[in-house]
Amino acid sequence: MLQFVASLTTSLEYILLGFGQVLVGLVACLALPGLFAATLPWPQALGLFAGQALIASAPVWLLRKRLLPAQALLWCRPLPIPASLQWRANIAVAGMVIVPLSMAYAISTTIWLIQWPDWLRPVVPQALLLTIGSLLLGWIVSTLVLARRCRMPAAARLHPDRPAPGPYVPAAPALPASAGAPALRALYHWRQLFWLPFWRAENVVGLQQTVLLLGAALGIAAWLWHPPVVPPALLGFNAAILLMLLTDRGDKAVTEQIALLRPVAAAWPLHIDKLFRCARVSTLLPGVAVMAWFALLTLGHLGRTSSAGYSTTVATVWLCFAGVAQLAVVALRRLSVHGRVGLVISAIIILTAIGSELWN
């Protein structure tokens, strides 16, 4: 928890500087579903109540690897820890996350009580009970999440028709002895050392980058569609933040993987530094794909055939700055944690400002 607070503190000042008003609005709306559920029929109220409980338990689920690291689990599972003590520990750790969240809920509820809307006045007791109940249910769900992570995994059942075990013979990749063989060999090593580990076991980097990539592509499409019910500047902000997070999270994951591999790979008969540089450059590819999608919709064939109304000059400037920001995130290796967070948030703000002029 202290490590998470320390990592959050480094970026909190930039987040408050750039998105302070948005955070205040989110905190104000945090308790709204539970309060509003008291005015609805019981099926809809039950759905909102359950959703609010899942939101309350989401931080523990997202932080479960920090709260119970794999190394700690391997160390404590063989120990004779009583089940009652383990449950009390899970309840206490879940409470360490729920208590700060409860304070945010209290602030949100106070804001709505000060506003005193007409729909809240007749159902204040029921609304408060539903809000408190959703927090308690979220605490229970959080405790169950930690208990499930503590549970000893079941032994794997071997298939009766499995082949008989035999000696292991390492096989090198079948690569043609041509001029393109070094490139294919580098691609093979990149796949084995960077691509596959991001999809194995509890590593969620592959899933995270896929979600960010799809979200950025859909965010660009929604931004250029600009439905009248949503301000275009908000859609542009969404596209900018997803694009920058896509490259920043990918570069961070590759950097952590390189730090893990460097001591092991020092004795390998490979040009390992060149492979690491290629892996860092590969983190730019998802962002390049998103920018190419934006260019296709604005400057390409799809943009010319649609009923546009936007400025191609602004679209070109947005693309140029987005490309420079992507390169800066990957190339500036010596930036401190504060400097990197400042770079990402500054790029998001500037991209949002440029994108707000797209239809002017």
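The values are calculated or read from the model by the stated rules, or taken from the named source; none is laboratory data. All of these numbers come straight from a predicted model, not from anything done at the bench. As a convention, Cβ positions derive from the backbone with ideal geometry for all residues, glycine included, and neighbour counts pool all protein chains shown. For accessibility, only protein heavy atoms count, side chains too; no ligands or nucleic acids. Shrake-Rupley method; radii C 1.70, N 1.55, O 1.52, S 1.80 Å.
Considering the range 254-279 alone, what residues qualify as being open to solvent by less than 70 Å² (accessible area, probe 1.4 Å) and farther than 18 Å from residue 198 by Cβ? Result: 270, 272.
Of all residues in the range 51-66, those that are open to solvent by 30 Å² or more (accessible area, probe 1.4 Å), hydrophobic (A, V, I, L, M, F, W, C) and in contact (Cβ under 8 Å) with a residue 24 or more places away in the chain total 3. Residues in the range 227-285 that are farther than 21 Å from residue 342 by Cα and acidic (Asp, Glu): 273 alone. Would you say residue 339 is at pLDDT below 85, in a helix (DSSP H, G or I) and surrounded by 14 or more Cβ atoms within 10 Å (Cβ to Cβ)? In short, no. Residue 334 meets each of the listed conditions (1) under 21 Å from residue 232 (Cβ atoms); (2) open to solvent by 60 Å² or more (accessible area, probe 1.4 Å) apart from (1).
Within the range 171-197, restricting attention to residues that are at pLDDT 80 or above and either in a loop (DSSP other than H, G, I, E, B) or of a type in the set (D, E, K, R) (or both), which residue is farthest from residue 76 (Cα to Cα)? Only one residue tops the list, namely 185. Pairs needed: first member in the range 268-296, without any contact (Cβ under 8 Å) to a residue 60 or more places away in the chain and part of a helix (DSSP H, G or I); second member anywhere, open to solvent by 60 Å² or more (accessible area, probe 1.4 Å) and aliphatic (A, V, I, L, M); C-beta distance under 6 Å; at least 6 residues apart or different chains. Correct list of pairs: 296/302. For the range 317-331, taking the residues that are free of Cβ contacts under 8 Å to residues at least 24 places away in the same chain and either open to solvent by 60 Å² or more (accessible area, probe 1.4 Å) or in contact with an Asp or Glu (Cβ under 9 Å, 6 or more places away or on another chain) (or both), the one that is farthest from residue 278 (Cα to Cα) is identified as 320.
Of the residues contained in the range 232-251, none is found to be polar (S, T, N, Q) and surrounded by fewer than 16 Cβ atoms within 10 Å (Cβ to Cβ).
Only one residue in 283, 312, 305 is at pLDDT below 90 and surrounded by 12 or more Cβ atoms within 10 Å (Cβ to Cβ). Which one?
That would be 312, the only listed residue that is at pLDDT below 90 and surrounded by 12 or more Cβ atoms within 10 Å (Cβ to Cβ).
Within the range 86-106, the residues that satisfy the criterion of being open to solvent by 30 Å² or more (accessible area, probe 1.4 Å) and within 16 Å of residue 62 (Cα to Cα) are 93, 96, 100, 101. So is residue 358 in a helix (DSSP H, G or I), touching a residue at least 60 places away in the same chain (Cβ under 8 Å) and in contact with a helix residue (DSSP H, G or I) (Cβ under 8 Å, 6 or more places away or on another chain) or not? No. Which one is nearest to residue 78 (Cα to Cα) among residues in the range 122-170 that are outside any helix (DSSP H, G or I) and of a type in the set (A, V, I, L, M, F, W, C)? Selected residue: 152.
Applying the criterion of at least 3 residues that are within 20 Å of the chain's Cα centre (by Cα) and either farther than 25 Å from residue 202 by Cβ or modelled with pLDDT of 85 or more (or both) to the helices (runs of 4 or more DSSP H) found wholly in the range 1-108 leaves 2-28, 42-62.
Scan the range 142-169 residue by residue and report those that are among the hydroxyl-bearing types (Ser, Thr, Tyr) and surrounded by fewer than 10 Cβ atoms within 10 Å (Cβ to Cβ). If the condition is that a residue be among the hydroxyl-bearing types (Ser, Thr, Tyr) and surrounded by fewer than 10 Cβ atoms within 10 Å (Cβ to Cβ), then 168 is the only one that fits. Out of 208, 192, one residue alone is touching a Lys or Arg at 6+ places or on another chain (Cβ under 7 Å) and open to solvent by 30 Å² or more (accessible area, probe 1.4 Å). It is 208. Against the condition at pLDDT 90 or above and open to solvent by 30 Å² or more (accessible area, probe 1.4 Å), how does residue 294 come out, does it pass? Considered against the rule, which asks whether it is at pLDDT 90 or above and open to solvent by 30 Å² or more (accessible area, probe 1.4 Å), residue 294 comes out as no.
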